[in-house]
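Quick notes on the structure that follows.
Bear in mind these aren't lab numbers, they're just calculated from the coordinates by the rules spelled out. Quick caveat: nothing in here was measured; it's all calculated off a predicted structure. In this analysis, Cβ positions are derived from the backbone assuming ideal geometry, glycine residues included, and neighbour counts consider all displayed protein chains.
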Amino acid sequence: MKRGYRQLIDEAEEKIETLTLEQAGALHGRDDVVFVDLRDRRELERDGRIPGAFNCPRGMLEFWIDPESPYHKPVFAEGKTYVFYCASGWRSALATRTAQEMGLEPVSHISGGYSAWKKAGMATEAVAAK
Ligand SMILES: O=S(=O)([O-])[S-]
């Protein structure tokens, strides 16, 4: 490997904002903040999600953010604050860096991801199978 996953994550983390659970919890529920769940649909159905989070599978990220893309999702053009999370904070570190490079801002991610959020007893909701 020229640059392995760990190096990519470390490099991303130097350039992005990482929220503690407390900081993320304080942002949750605000009208001007969108929580973006980067996990796959089956992970949401199995484990639930942060209430109200918008599901953007990481594989679609660039295509859903870019207004020029045929797959663009308007949620990314609302001028809000974006809080990304995944299961443990790895995918979200890379995704936050990419979103930042694309010009989405402000954007940050949650340290430890959904597993830390859930373990801390913070609010979750079930996601029904489609
Ligand atoms: O969701 S993850 O941090 O395990 S890649």
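Annotations for the structure displayed:
- Approximate spin-label separation ARG3-VAL33, in nm, with each point projected 7 Å along Cα-to-Cβ: 3.0 nm
- In terms of Cα atoms, the Rg and Dmax of region 18-77 work out to 12.7, 36 Å.
- The orientation-averaged projection of the convex hull spanning the C-alpha atoms of the chain amounts to 8.4 square nanometres.
- The chain, helix-only ellipticity at 222 nm - DSSP H runs n ≥ 4, -39,500 (n - 2.57), divided by all residues, nearest 500: -10500 deg cm²/dmol
- Cα→Cβ-extended label distance, 7 Å offset, between ASN55 and SER88, nm: 2.2 nm
- Peptide packing for 58-70, 90-102 was compared via the average number of neighbouring C-beta atoms within 10 Å per residue; ordered from the highest value, the list is 90-102, 58-70.
- Ratio of Rg to Rh for region 88-130: 1.09 [Cα atoms; Kirkwood radius as inverse mean 1/r over pairs].
- Neighbour net charge for GLY112 - beta-carbon separation under 11 angstrom, K R +1, D E -1: +2
- If you plug the beta carbon distance of VAL75 and GLU125 into 1/(1 + (r/R0)^6) with R0 = 22 Å, you get a FRET efficiency near 0.75.
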